[in-house]
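Novice: Take this structure first; my questions come after.
The values are calculated or read from the model by the stated rules, or taken from the named source; none is laboratory data. Owing to the predicted nature of the structure, the values given are computational and were not obtained by experimental measurement. Neighbour counts run over all protein chains shown; Cβ positions are idealised from the backbone, glycine included. All accessible areas refer to the heavy atoms of the entire protein, side chains included, with ligands and DNA or RNA removed. Shrake-Rupley method; radii C 1.70, N 1.55, O 1.52, S 1.80 Å.
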Amino acid sequence: MKKAAIPTVLALSVAFGGQLPTVPTFGTNVSTVHAEGVSKQDVVKAFLQSKVEENVLKSGAVGDQFKIVSEQTDSATGTYHVRTVEQYKGIPIYGSGQTVALDANNNVFASFGKVTQKLARSIIPTEASISEEDAVAIAKEGVETQIGAVKNYDGIESELIIYPHEGEYYLTYLVKASTSIPAPGYFHYFVDATSGEVINSFNTVHGVDPTTLSPVTARGLDVHGKMQSFPVGKDLATGTSYLYGASIASNNAVPIATFDAKRMDETAFILGSALLGFTGWEVTTNSASNFFANPAAVSAHFNSDKVNRYYQSTHKRNSLDNNGMPLINTVHIGVKWNNAAWNGKQMLYGDGDGIQYSSLSGGLDVAGHEMTHGVIEHTANLIYENESGAINESLADILGNFAQMQTTGVTEWDLGEEITTPNIPGDGGLRSIIDPASKKVSTKYMPSGHYPDTYQDRYQGTLDNGGVHINSGINNKTAYLITQGGTNNGITIKGIGRTKAEKIYYRALTLYLTPTSGFKDMREAAIQAARDLHPDRNGVPSAETKAVMDAYTSVGVN
């Protein structure tokens, strides 16, 4: 085992919708009065406060209910975009979130997200009776009750929040625990800060000092037997090469590291301190030609480089968090584990059982899917349940597939086709974007035995976190129609092509969607993104905006 040091990366909060009465604020062409000397931040807060029907505060200035958490200027359109969260006496409210866009004259032209009513008149506890350490211990006990003893956690973060749940507001510690052994997980525990009770919990799964290494190009066979070339780091003194490298595009470098869990369920596997401050097993070679003989690791390393290059070149995004965070892969998780996951810290890949799946690191669109979950976590932070969870899964499918298309130059609309049922060639993969209903699903979800492809036919039960995978096909189908066009349910859509469609979806995700966005919010966000990039002329929607409108209408999202 080797050690190295690179700064720790952070995870984000996920969110549920508020329980007090809320009103939607999404829309277009809304405006505020421009006042000299008023900052953009003040305009945003005043606009959001105007959406509070009972606009009387107990104390504090107008807009104190809202806290700006990120802001950016879009140089291409000259617009200013912010994300906000709601707070009560300075404590953030879990699940709250709004996006607001201003033009060059400080006029609000778009706003998405719900605003909580009567918050200022609410009585919510704000003093904790238990310590943060106690809350973490309670969450650990819950995690280990589910998956067994965890000798080492990949990461644990905690935060004091106000949590809306079943009509009540609770002061809680949100504890997020990332694990890979004995089972991969990204656990969220809401521990009542006044009593220690667990209010709710769920699982969203979704060495050497690199600064002393010399960058070299390595080679190795991937899981499909294809020779690949990829960046690694070499210790010239010892002749040892490590699966550390940099994904470089547009003169920007993002660190990549790939590790091996060695399939040992009982052995504590933690990532090497090179990236997260922990020790682990590097993937190395002493080959003079820098040849790596670990196909799963080669595939993970190569694919994460390609997906990152897609985000850098197409969307000008600096890694998953847009701030250069290292990309971390771990392969050979568990024994015959039929899954891949994003656990808030890294991408995890199982080897598959050889029947349903081969090594999951071999799917470029699988890597794109998991890495996009990381992008989602650092932007809209879509809650992983019900409609927002289905949009989360769908955007991971859509953008992950677009990344594969750009990398390979091949237009295809199946997901996981390279790693699904290895003994059945041409089976079409796990899910279909072009025709979601062509894929079978258990009748315990859908009486038809097939994935739904219209909003009216969506799954509305509690399994699968409220249908996050089952219902993702509705938005996937829409993305296909926007891109390629076609006639669906009697409505003809004129496709606009991948290069336009991918920018519309990325813009909708990063600028407009909020944690609780559902299908109708997705439609409105995509329309606004299309309008931004392809403005109306003489009051008539552009061809791109009309394609978005028609496609969503055709799947029943009106």
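Novice: Report the charge-dipole magnitude of segment 381-456 in Debye, nearest 20, computed about the Cα centre from +1 at each Lys and Arg Cβ and -1 at each Asp and Glu Cβ.
Specialist: 200 debye
Novice: I need the Debye-formula profile for segment 390-460: one equal scatterer per C-alpha, no solvent, reported as log10 I(q)/I(0) at q = 0.13, 0.23, 0.24, 0.28 1/Å, two decimals.
Specialist: -0.42, -1.13, -1.18, -1.32
Novice: Just to confirm the filter: which chymotrypsin sites (Phe, Trp or Tyr not before Pro) across segment 341-417 are DSSP coil and have at most 12 other Cβ within 10 angstrom of their Cβ?
Specialist: For chymotrypsin sites (Phe, Trp or Tyr not before Pro) across segment 341-417 that sit outside H, G, I, E and B with at most 12 neighbouring Cβ atoms in 10 Å, the list is empty.
Novice: Over the chain, with the other protein chains present, what is the accessible area per residue in square angstrom, probe 1.4 angstrom?
Specialist: Per-residue value: 39 Å².
Novice: From the P(r) of segment 132-193, can you give the percent of Cα pairs sitting at distances over 14 Å?
Specialist: 52 percent
Novice: Could I ask something else about it? Give the shape of segment 373-494 as rounded, prolate or oblate, defined through the alpha-carbon gyration tensor: a ≥ b ≥ c are the square roots of its eigenvalues, a/c under 1.5 means rounded, and otherwise the shape is prolate if a/b is larger than b/c and oblate if not.
Specialist: rounded
Novice: Moving to a separate point now. Could you give the length gained on full extension between Lys494 and Asn286, defined as 0.36 nm per residue of separation minus the Cα-Cα distance, in nm?
Specialist: 69.4 nm
Novice: Determine the share of segment 220-261's accessible area contributed by carbon and sulfur atoms, expressed in whole percent, with a 1.4 angstrom probe.
Specialist: C and S fraction of accessible area: 54 percent.
Novice: Once the Cα atoms of segment 124-236 are picked out, what are the Rg and Dmax in Å?
Specialist: For segment 124-236, the Cα-based Rg and Dmax read 20.7, 62 Å.
Novice: Take segment 278-335, drop everything but the C-alpha atoms, weight them equally and run the Debye formula without solvent; then report log10 I(q)/I(0) at 0.29 Å⁻¹ to two decimals.
Specialist: -1.16
Novice: With the full set of protein chains in place, find how many percent of the accessible area of segment 122-202 is carbon and sulfur; take the probe as 1.4 Å.
Specialist: Exposed carbon and sulfur together represent 45 percent of the surface.
Novice: How big is segment 433-554 by the Kirkwood estimate over distinct Cα pairs, in Å?
Specialist: After inverting the pairwise mean of 1/r, the radius is 14.9 Å.
Novice: A follow-up question, please. Output the Cα-based Rg and Dmax of segment 514-558 in Å, rounding Rg to one decimal and Dmax to a whole number.
Specialist: Using the Cα atoms of segment 514-558, the pair Rg, Dmax is 10.8, 34 Å.
Novice: Now for a separate question. Kirkwood Rh over alpha-carbon pairs of segment 330-374, then Stokes-Einstein at 10 °C and 1.306 mPa s: what D in µm² s⁻¹, rounded to an integer?
Specialist: 155 µm²/s
Novice: Hand me the GluC sites (Glu not before Pro) from segment 55-161 located in a DSSP loop with no more than 11 other Cβ atoms within 10 Å, in residue order please.
Specialist: In loop regions of segment 55-161 (DSSP not H, G, I, E or B), the sparsely surrounded GluC sites (Glu not before Pro) are Glu127.
Novice: Ok, one more. Separation of segment 339-417 and segment 70-138 by C-alpha centroid, Å?
Specialist: That distance is 28 Å.
Novice: Between the DSSP loop rule and a limit of at most 11 other Cβ atoms within 10 Å, which trypsin sites (Lys or Arg not before Pro) in segment 399-475 are left?
Specialist: Lys444
Novice: Still on this structure: How far is it, in nm, from the label point at Glu144 to the one at Ala293 when both lie 7 Å from their Cα along the line to the Cβ?
Specialist: 3.9 nm
Novice: Checking the table Lys67/Lys345; Lys114/Lys306; Lys444/Lys477; Lys67/Lys494 against a 30 Å threshold on Cα-Cα, which pairs fail?
Specialist: Exceeds cut-off: Lys114/Lys306; Lys67/Lys494.
Novice: Relative to the Cα centre, what is the charge dipole magnitude of segment 298-354, using +1 at the beta carbon of each Lys and Arg, -1 at the beta carbon of each Asp and Glu, and rounding to the nearest 20 debye?
Specialist: 240 debye
Novice: Report the charge-dipole magnitude of the chain in Debye, nearest 20, computed about the Cα centre from +1 at each Lys and Arg Cβ and -1 at each Asp and Glu Cβ.
Specialist: Around 1120 debye, computed over the chain.
Novice: What part of the accessible area of segment 399-546, given as a whole %, is carbon or sulfur when the probe is 1.4 angstrom?
Specialist: After summing per-atom areas, the C and S share lands at 49 percent.
Novice: For a distance above 31 Å, tell me the whole-number percent of Cα pairs in the chain that qualify.
Specialist: It works out to 49 percent of all Cα pairs.
Novice: Follow-up question, since we're still on this one. What's the FRET efficiency of Lys444 with Thr487 using the Cβ-Cβ distance as r and R₀ = 35 Å, to the nearest 0.05?
Specialist: It comes to 0.60.
Novice: Please give the residues of segment 357-392, grouped as numeric ranges, whose backbone N is less than 13 Å from a label point set 7 Å along the Cα-to-Cβ vector of Val410.
Specialist: 363-365
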